[in-house]
Amino acid sequence: MPRMSEAVLAIDFAGPHVAVQDGGRHGLMRYGVPASGPMDRTSFAAANAAVGNPAGQPAIEVSMGGLVLDCLSGEVTFAVAGGGFIVEHAGDKRGAWMVATLKAGERLAIRPGHWGSWTYLAFAGHIEAKSWLGSMSTHSLSGLGGGRLAAGQTLTLADPEVRDDRNGPITCPVIARPRSELRVVVGPQDRFFSKETLSNFLSSPFRLSDAYDRMGVRLQGPSLAPSVALDMPSEAIVRGSVQVAGDGVATILLADHQTTGGYPKVATVVDSDLDAFVQLRPRDHVGFLAVTPQQAVEHIRLRAATMSRYLAAVRDGPCNTIGVSI
């Protein structure tokens, strides 16, 4: 596997929210620092595994705005995983969930396809970017971390590696497809809502609004206005909290969510459903299914075991995922 000192890529175009992300900035939420990290952790992990990277190595998160890169020097194997994005490379057009090698003089363009909101570009090399509090994950509001990509910048990869033996398709697992029914554990502030409101929450369809970014997405649907005065103190919140403001509009909190909040949470989305949820697009429908805390734990454990098998197969070679139970 040949190595070179570096590869340099010119950013010709980068849409909003295209940024460096690693596995996340963990252990600091007690100090008010969001964890950040990838919106879709499943696809992020698949992209890194496909090029043989360690789990959590920095990659590029690409939004529906898309990304266009020109390779100025060097060569490097890359993987794109997440959503149904379209990849144009060296004159060929393919779907995401693939591995190829980018060489000097070639262009790589990633654009949205028929489904999905996020995809991940991982390189068999190390992205040179800033680190903040021990992580390159980019916090979208502050820009701290590895940073957002913008036209006119260059991206340098240290120790790029060519792994032509890994070139080819990656199987897109079923668990990476969009999920429109989310399992939730009701509460912890369900006492603020009437029985009728809770019933509407669990039985009515909602839509994702255009107010959708890395902090969260506001939902359109029946009003979930609290039935009592909001006298709760601010408290810790987590990714997946379904927070309801005084106007009755619910927001599902995502990767860059704030660490505390004073609005009641009607429910919490089971963590194993969140990666598939973020691949929905604005105006897509979503509904909620109540489960017990024990059922939530069982779903999370089952999904973790499924992901472990899948990623092990991808690390052995992307084409080896054919036939893996996913």
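Odds and ends about this structure:
- Scan the range 39-91 for residues that are closer than 14 Å to LEU102 by Cβ, free of Cβ contacts under 8 Å to residues at least 60 places away in the same chain and under 15 Å from the mean Cα position of the chain (by Cα) and the total you get is 1.
- Selection from the range 237-255 of residues that are farther than 23 Å from SER142 by Cα and either open to solvent by less than 30 Å² (accessible area, probe 1.4 Å) or of a type in the set (Val, Ile, Thr) (or both): VAL242, VAL244, ALA245, GLY248, VAL249, ALA250
- For the range 207-240, a residue qualifies if it is out of contact with any His (no Cβ under 7 Å at 6 or more places or on another chain), at pLDDT 95 or above and not in a loop (DSSP other than H, G, I, E, B), and the qualifying residues are LEU208, SER209, ASP210, ALA211, TYR212, VAL217, ARG218, LEU219, GLN220.
- Members of the range 107-126 that are open to solvent by 10 Å² or more (accessible area, probe 1.4 Å) and outside any loop (DSSP other than H, G, I, E, B): ARG107, ARG111, HIS126
- For first residues located in the range 94-108 and among the polar types (S, T, N, Q), partners that are part of a loop (DSSP other than H, G, I, E, B) and lie 6+ apart or on another chain with Cβ distances below 6 Å form the pairs THR101/VAL162.
- Selection status of LEU102, open to solvent by 20 Å² or more (accessible area, probe 1.4 Å), within 17 Å of GLY125 (Cβ to Cβ) and either among the charged types (D, E, K, R) or part of a strand (DSSP E or B) (or both): no
- Entry remark, the range 81-99: residues being open to solvent by 60 Å² or more (accessible area, probe 1.4 Å) and assigned to a loop (DSSP other than H, G, I, E, B) number 1 in total.
- Residue check: PHE201 meets all listed conditions (1) within 30 Å of VAL242 (Cα to Cα); (2) in contact with a His (Cβ under 8 Å, 6 or more places away or on another chain) but one, namely (2).
- Scanning the range 155-172 for residues that are open to solvent by 30 Å² or more (accessible area, probe 1.4 Å) and either farther than 19 Å from ALA7 by Cα or assigned to a strand (DSSP E or B) (or both) yields ASP165, PRO169, THR171, CYS172.
- Some residue of the range 18-31 being over 14 Å from the mean Cα position of the chain (by Cα), among the hydrophobic types (A, V, I, L, M, F, W, C), buried (at least 24 other Cβ atoms within 10 Å of the Cβ) and more than 21 Å from LEU155 (Cβ to Cβ): no
- Meets criteria (surrounded by fewer than 21 Cβ atoms within 10 Å (Cβ to Cβ) and under 15 Å from the mean Cα position of the chain (by Cα)) for TRP132: no
- Residues satisfying the stated conditions in the range 52-79, i.e. in contact with a helix residue (DSSP H, G or I) (Cβ under 7 Å, 6 or more places away or on another chain) and surrounded by 24 or more Cβ atoms within 10 Å (Cβ to Cβ): ALA59, THR77, ALA79
- Some residue of the range 256-277 being under 29 Å from SER63 (Cα atoms), open to solvent by 50 Å² or more (accessible area, probe 1.4 Å), of a type in the set (A, V, I, L, M, F, W, C) and part of a loop (DSSP other than H, G, I, E, B): no
- One residue stands out in the range 176-200 among those that are open to solvent by less than 20 Å² (accessible area, probe 1.4 Å), under 30 Å from THR306 (Cα atoms) and of a type in the set (A, V, I, L, M, F, W, C): the one that is modelled with the lowest pLDDT, namely ALA176.
- Residue under evaluation VAL291, criteria (1) more than 19 Å from the chain's Cα centre (by Cα); (2) modelled with pLDDT of 95 or more; (3) open to solvent by less than 10 Å² (accessible area, probe 1.4 Å), criterion not met: (3)
The values are calculated or read from the model by the stated rules, or taken from the named source; none is laboratory data. Treat the numbers as computed from the prediction; the structure is a model and nothing was measured. Note that each Cβ is placed from the backbone with ideal geometry, even for glycine, and that neighbours are counted across all protein chains shown. For accessibility, only protein heavy atoms count, side chains too; no ligands or nucleic acids. Shrake-Rupley method; radii C 1.70, N 1.55, O 1.52, S 1.80 Å.
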